[in-house]
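This report refers to the structure that appears directly beneath it.
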Amino acid sequence: MVEETITTSVDSLIDLLKKVSKIELEEAANKLEMPVSVVQSWVDFLVEERIIGLEYKFTTPFIYLNKPHNQTSETIEAPEVSIDQFKDDFKKKATEKQIPTTQTIDLWKNHLLQKLEKKKDLFFREARKRGFFNQEELWIEYRKKIMEM
């Protein structure tokens, strides 16, 4: 039995990007014989998934294929750190620096908020991938639980 591969127009875009290092978005749409708006929607999705990259030169968008990450069989395992251990380490460092306990509590909350903000994009991206529709509510609940610790 002969196996056939079904390709889509998005596959054609990826193939085009494999042939050139960078291409103007409008030129890519012309080569694919597709409307720019359709190619733009593909690009938006593929950029979000980090398959392709998008950069602007003045007002002209250029797209390029992101280099695939070399996945090795070795995985680097980071030691698991619980939030309680993280908090204890923070308090220990504050004590070593002779910071008053009342100020340490405020600094801890501020530090935790900063760390949470750095994780917010990842949280929303993962929630979208998993099909959660109430992402904002989940984020608020997660943040509240972390701040109570």
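The values are calculated or read from the model by the stated rules, or taken from the named source; none is laboratory data. A quick note: this is a predicted structure, and the numbers were derived from the prediction, not measured. Here Cβ is always computed from backbone atoms with ideal geometry, including for glycine, and neighbour counts include all displayed protein chains.
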Legend entry - Out of Glu96, Glu141, sole residue that is at pLDDT 85 or above, outside the structural domain of Arg50 (by TED's automatic domain parsing) and surrounded by fewer than 11 Cβ atoms within 10 Å (Cβ to Cβ): Glu96
Inset, instruction - Select, from Ile83, Ile146, the only residue that is more than 30 Å from Leu25 (Cβ to Cβ), touching a residue at least 60 places away in the same chain (Cβ under 8 Å), loosely packed, with under 13 Cβ neighbours inside 10 Å and of a type in the set (A, V, I, L, M). - result: Ile83
Legend entry - Contacts under 8 angstrom Cβ, first residue in the stretch 14-38 being surrounded by 13 or more Cβ atoms within 10 Å (Cβ to Cβ), partner β-branched (Val, Ile, Thr) and assigned to a loop (DSSP other than H, G, I, E, B), 6 or more apart: Ile14/Ile51
Inset, instruction - State yes or no: is Glu55 assigned to a loop (DSSP other than H, G, I, E, B) and among the charged types (D, E, K, R)? - result: no
Legend entry - Residues (over 18 Å from Arg125 (Cβ atoms) and either of a type in the set (Gly, Ala, Ser) or out of contact with any helix residue (DSSP H, G or I) (no Cβ under 6 Å at 6 or more places or on another chain) (or both)) located in the stretch 42-68: Glu55, Tyr56, Lys57, Phe58, Thr59, Thr60, Phe62, Tyr64, Lys67, Pro68
Inset, instruction - List every residue pair whose Cβ atoms sit under 9 Å apart, with the two residues 6 or more apart in sequence or on different chains, where the first one lies in the stretch 113-136 and is of a type in the set (Gly, Ala, Ser) and the second, anywhere, is in a helix (DSSP H, G or I). - result: Ala127/Gln135; Ala127/Leu138; Ala127/Trp139
